[in-house]
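These notes are about the structure you will find just below.
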Amino acid sequence: MFMFEKAFVGSRRYWVWILCLAGIILAGFLCYLRQLTFGLVITGLSRDVTWGLYIAQFTFFVGVAASAVMVVLPYYLHDYKQFGRITILGEFLAVGAVTMCMLFVFVDMGQPSRVLNVLRYPTPWSLMFWDFVSLGGYLLLNVLISLVMLGSERQGVSPPRWIKPIIILSIPWAVSIHTVTAFLYSGLPGRTFWMTAVLAPRFLASAFASGPALLILLCLVLRKVARFDAGREAIQQLGIIVAYATVINVFLVLVETFTVFYSHIPEHIQHFQYVFLGLDGNYHLAPWMWLSVLLSVSALVLLLVPKWRHSPRLLPVACVFVFVSLWLDKGLGLIVGGFTPSPLGAVTTYTPTWPEAAIVLGVWGIGALMITVFYKIALSVREAH
Amino acid sequence: MKLTRKDFLRLSGLAPLAIVGTKAVRAFADVAAPSASAKNTKRWGMVIDLQKCRQKEGCDLCVKACNTAHNIPQFPDKAHEVKWIWNQPFESVFPFEQTDYTRQAYTGHPIPLLCNHCANPPCVRVCPTQATWKRKDDGIVMMDWHRCIGCRYCIAACPYGSRSFNWQDPRPAIATSNPDFPTRTKGVVEKCNFCEERLARGLRPACVEACKEEKAMVFGDLEDPDSEPRKLLRSRFALQREPELGTSPSVYYLV
């Protein structure tokens, strides 16, 4: 297969890492088999909180996937040469993240064997249908682009001209995947927590913060383990992108918070109360959400002061803060907060179960494995030249 | 203009896009249009007289009748409950239909809840496989348990909490099985079907039938001005659940 032979040659450390991932994936798979047998009853989901970790992870990783555009756009539209070395990493990250999204939706299905019904009975008025279309299209675009780019790099030729329009197309497409994902939530009449026009912009801002933050961290890991240097300037430029996106995200969150609390409409305010202050004696989400706030604010300080952002020690810390903060916000608070209280006012605790967490970890493992293998191939191709 | 082979291929590539596009525009136009029920021959609806309902404390005959008629599993665990019709205290159903000073009047009174069979159902709008749809000739919101993929988007979309998911195999938890009605499998969504299987045989819904002493539930065609529910709605003040959401529920409550 296409350059896959390069993934089978590696150091001892590489193989240990691959084996660890394989173990995690296997554990997740076994738990998924259990879910297939007994149904979603093995998760912490319930009548009132019908979506949980799976769908939240899906939402978060759509953002990571969309964020590839933050390296693709400067490089291809503004000819920002410094990103030349890392665009392929961004595109491969997108491929891995979109695959994770699809798997997270898949493991959430009650009847996974019928999932193709979405294509058999295409339903254009359902946003779920458009999410399938946009995610599938984005996956194809990024697979095509990264394979063509890597192929021409291996042969030492410039990429074919027809790929350029496809790359340009992938830019608005990236924006579309996260917009459609936001529309999935923001158009539901009874769910006031999500019913805000600022949801899609917020999704994009948090995506463009968490995705590049992850990319910075990945570049730093690659420098350690694969002697790959992304270049100081590229990393710094990504740092500025993370800083801007984090600022915009925090701003949008504050805008939303003001509107909700100042208008004081019970249906809107009660979700925020639940998420941040606890409702009916149920506080289990609040500490996590405050941790998310704390991390976001700390990251903002680290990113906004140039001296700290330039520091090779503090930038990764800020990136970890941004990533964890937004993961908590989007991967935990957003979904559960939207379901609690329920339309009938019930406050139900959602606690993921161990098998549920193992399935989530398994999908993370698949993502990590894909990215490891892709990066290995990409860097091997590069080293050969 | 000369059309080369390449151009032709390009244009033919656009054709499916155009088809999907027109389909989408039509669909959104449909959604936006005010309830298209004008052409419907019928629109089944229900009026529940809460005054009569209150007369018999602790009564749940309608719930029991439905459970038996539709093979509804009984799980002790509230988190995984499946229910088509059930009682819920007034204040959680109509939280904004009471003032601070009249709060006590109806507090704690059970209100029977079921699918509202909305004229403009959000659950139908979001379902990615059309496994739930509104029947054109009588307005019943239907479910196809063989097509449902179990994504639970309809549950997120329903503002009334009327839909249940089969978190596990329901069959072991069915007390007395009714062979005339299908059981469901794990991983699909279900809800009240207004007893369409009974209506087809000219019978009234099981819950209405069960309430034959109090006659608190009145079922009929909302499109027909002389129907029983329409007569009641003409003479008494009625509430719908959250009509401000534009769903236009077909279940009315006489307070």
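Of note:
- Matching strands (runs of 3 or more DSSP E) fully within segment B:91-160 where at least 1 residues are of a type in the set (Phe, Trp, Tyr) and either over 26 Å from A:Met109 (Cβ atoms) or within 14 Å of another protein chain (Cβ to nearest Cβ) (or both): B:132-134
- Note on segment B:186-255: no enclosed helices (runs of 4 or more DSSP H) hold 1 or more residues that are within 14 Å of another protein chain (Cβ to nearest Cβ), under 29 Å from A:Pro343 (Cα atoms) and of a type in the set (A, V, I, L, M).
- Pick from segment A:17-47, criterion within 23 Å of A:Phe339 (Cβ to Cβ) and among the polar types (S, T, N, Q), ranking: surrounded by the fewest Cβ atoms within 10 Å (Cβ to Cβ): A:Gln35
- Only residues that are polar (S, T, N, Q) and either modelled with pLDDT under 90 or touching a strand residue (DSSP E or B) at 6+ places or on another chain (Cβ under 6 Å) (or both) were counted across segment B:32-78, and they come to 5.
- Selection from segment A:159-175 of residues that are surrounded by 13 or more Cβ atoms within 10 Å (Cβ to Cβ) and either free of Cβ contacts under 8 Å to residues at least 24 places away in the same chain or more than 25 Å from the chain's Cα centre (by Cα) (or both): A:Pro159, A:Ile163
- Residue check for A:Val9: away from chain B (no Cβ under 14 Å), buried (at least 24 other Cβ atoms within 10 Å of the Cβ) and either touching a residue at least 40 places away in the same chain (Cβ under 8 Å) or touching a strand residue (DSSP E or B) at 6+ places or on another chain (Cβ under 8 Å) (or both): no
- Exclusive hit being more than 21 Å from the chain's Cα centre (by Cα) and part of a loop (DSSP other than H, G, I, E, B), set A:Val49, A:Val41: A:Val49
- Of all the criteria given as (1) more than 14 Å from every other protein chain (Cβ to nearest Cβ); (2) basic (Lys, Arg); (3) more than 30 Å from A:Arg13 (Cα to Cα), the one not satisfied by A:Lys224 is (3).
- Counting residues in segment A:48-71 that are crowded, with 19+ Cβ neighbours inside 10 Å, more than 26 Å from A:Asn249 (Cα to Cα) and not hydrophobic (A, V, I, L, M, F, W, C) gives one or more.
- Residues that are surrounded by fewer than 23 Cβ atoms within 10 Å (Cβ to Cβ), within 22 Å of A:Leu344 (Cβ to Cβ) and not hydrophobic (A, V, I, L, M, F, W, C), drawn from segment A:179-195: A:Ser186, A:Gly187, A:Pro189, A:Gly190, A:Arg191, A:Thr192
Results for (1) under 21 Å from A:Cys101 (Cβ atoms); (2) among the small types (Gly, Ala, Ser); (3) facing chain B (nearest Cβ under 8 Å); (4) free of Cβ contacts under 8 Å to residues at least 60 places away in the same chain, shown as yes or no for each residue.
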| residue | (1), (2), (3), (4) |
| --- | --- |
| A:Leu116 | yes, no, no, yes |
| A:Tyr121 | no, no, yes, yes |
| A:Phe132 | yes, no, yes, yes |
| A:Gly136 | yes, yes, no, yes |
| A:Leu139 | yes, no, no, yes |
| A:Leu144 | yes, no, no, yes |
| A:Leu147 | yes, no, no, no |
| A:Glu153 | no, no, no, no |
| A:Gly156 | no, yes, no, no |
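- Restricting attention to segment A:71-114, the residues that are outside any helix (DSSP H, G or I), closer than 30 Å to A:Gln236 by Cβ and not aromatic (Phe, Trp, Tyr) add up to 3.
The values are calculated or read from the model by the stated rules, or taken from the named source; none is laboratory data. A quick note: this is a predicted structure, and the numbers were derived from the prediction, not measured. Counting neighbours? That spans all protein chains shown, and the Cβs are built from the backbone with ideal geometry, glycine included.
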